[in-house]
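The structure under discussion appears below in the form of structure tokens.
Throughout, read-outs are computed from the coordinates displayed, never taken from laboratory work. Bear in mind that the values here come from a model prediction, so they are computed numbers and not experimental data. Positions of Cβ are backbone-derived with ideal geometry, glycine not excepted, and every protein chain shown enters the neighbour counts.
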Amino acid sequence: MNSKQRKTLEAVFRKPTSATIVWSDIESLLTAVGCEVIEGPGSSVSFKYGDELEFFHRPHPAKEAKRYQVRAAQAFLARIGAKP
């Protein structure tokens, strides 16, 4: 995990939940911790880590993740043991 991904990890777990995290940074973080990316139709994407699977829709037209997406990414990262 590089320094940008570590900063993204810290931002995902920061309270209150941020609405300014760029979605591509979250995707980069998830792949850095070992998740497999599974592309779905349209803007849907899933991340698999072992037996854990999380489903997202990429935000559009904005590039920033919505707060509920950040919270879902936080919960998924916590389930797979990736915490700051």
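Values computed for the structure shown
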quantity	calculated
Lone qualifier among 37, 22 - being exposed (fewer than 14 other Cβ atoms within 10 Å of the Cβ) and of a type in the set (A, V, I, L, M)	37
In segment 60-75, the residues that are touching a helix residue (DSSP H, G or I) at 6+ places or on another chain (Cβ under 8 Å) and surrounded by 15 or more Cβ atoms within 10 Å (Cβ to Cβ)	64, 65, 69, 70, 73, 74
Options 64, 10: the member that is of a type outside the set (Gly, Ala, Ser), closer than 15 Å to residue 77 by Cβ and touching a residue at least 12 places away in the same chain (Cβ under 8 Å)	10
Failed condition for residue 50, given (1) surrounded by 12 or more Cβ atoms within 10 Å (Cβ to Cβ); (2) small (Gly, Ala, Ser); (3) touching a residue at least 12 places away in the same chain (Cβ under 8 Å); (4) over 20 Å from residue 4 (Cβ atoms)	(1)
